[in-house]
1. Suppose we filter ARG91, ARG109 for residues that are part of a helix (DSSP H, G or I) and among the basic types (Lys, Arg); which single one remains?
2. ARG285: farther than 30 Å from GLU150 by Cβ, in contact with a helix residue (DSSP H, G or I) (Cβ under 6 Å, 6 or more places away or on another chain), assigned to a helix (DSSP H, G or I) and of a type in the set (Lys, Arg), yes or no?
3. I'd like the full set of residues that are more than 27 Å from LEU152 (Cβ to Cβ) and in contact (Cβ under 8 Å) with a residue 60 or more places away in the chain, limited to segment 48-91.
4. Looking at segment 238-260, which of its residues are within 20 Å of LEU15 (Cβ to Cβ) and free of Cβ contacts under 8 Å to residues at least 24 places away in the same chain?
5. Of the residues GLU60, GLU80, which is acidic (Asp, Glu), over 27 Å from GLU188 (Cα atoms) and in a helix (DSSP H, G or I)?
6. When you look at SER235, is it among the polar types (S, T, N, Q), out of contact with any Ser or Thr (no Cβ under 7 Å at 6 or more places or on another chain), surrounded by 19 or more Cβ atoms within 10 Å (Cβ to Cβ) and on the phi < 0 side of the Ramachandran plot, yes or no?
7. From (1) in contact (Cβ under 8 Å) with a residue 24 or more places away in the chain; (2) more than 24 Å from LEU33 (Cα to Cα), pick out the condition that doesn't hold for ASP100.
8. Pick out the one residue from ASP88, ASP103 that is surrounded by fewer than 16 Cβ atoms within 10 Å (Cβ to Cβ), at pLDDT 95 or above and out of contact with any His (no Cβ under 7 Å at 6 or more places or on another chain).
Amino acid sequence: MGKKATPPITMADTLAALLTHGDGVFDLAEVALVLAAHDTPTTDLDSYRTHLKSLYDAVEEAVGNSTDDDTNPTPNEMAEALSKVIADTFRYRGDEETYDDLDNANLMRVIDRRKGLPVALGILYIAAARSQGWNVAGLNFPGHFLIRLESLDGSRVIIDPFHEGHVLDAPALRDLLKVVTGPTEELESRHYRPVSDRDILVRLQNNVKTRRLDLGQMEEALDTLKSMQILLPDSSALCREAGLLHLRLGQVSQALSALEDYLNRAPQGPERSRIDTVVKDLKQRIH
């Protein structure tokens, strides 16, 4: 009797193995690479891992050359080292000319092209900072992903990975906020709130999903949405979105399953009532 074949390892399996720290930190760049490789599963990620290691080593050298105490750099020294390496040495830039290009949200293509979206570049900055043991976090800033660096004494700076890691003071943050959200918006404490690694990756994948929908790639957008559900398995909003996307694709039974899952999770409110009506209609169509 022949040996039983080993089932192939899926993206879900790989992500489950990587996402072992709950809402804590994990290897953000590695997870982003796994997500990026989903469409080309035969891609060898080792060259990208080697590139990241070179980037991390260069940051270590840069901070060692720029401060007398490389075990306790100031936030500005951290920002300078990251910018010097990522923006100057490796020539990473925000893609302002083709901002909506799907490749800008795929970390493999970002590394290949040396340009991308704020959140994709931000993952590189965060990973490089963590490789040095620095305290770093992505921020809950609307429309434009930013990063906070913090030294051992609690001093902080905020940097913009899309614009070569430039440090942003309060007036610059206020101006940026008005650009991305409108002239009446003002800075509040919520704009400085850190987000989890899972939220960062969901933000990255949401950019992928949105661009695929814009391109009419419905099935591919649904695949991306499924990866977001692996990252945030308890999200009722993602269940709802998956159900409605299944419905757009004419996949009625899958839509019904996802929307019923939404109803089991969602709080009472107008949207839940609307989806309840949709579910009842779908059940009539099936039966």
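The values are calculated or read from the model by the stated rules, or taken from the named source; none is laboratory data. The structure presented is a predicted model; accordingly, all values stated were derived computationally and were not measured. Glycine gets a Cβ as well: all are built from the backbone with ideal geometry, and neighbour counts include every protein chain shown.
1. ARG109
2. No, not satisfied.
3. TYR48, HIS51
4. LEU238, GLU241, ALA242, ALA258 - these are the residues of segment 238-260 that are within 20 Å of LEU15 (Cβ to Cβ) and free of Cβ contacts under 8 Å to residues at least 24 places away in the same chain.
5. Unique residue meeting the criteria: GLU60.
6. No, not satisfied.
7. It fails just one condition, (2).
8. Just a single option satisfies the conditions, and that option is ASP88.
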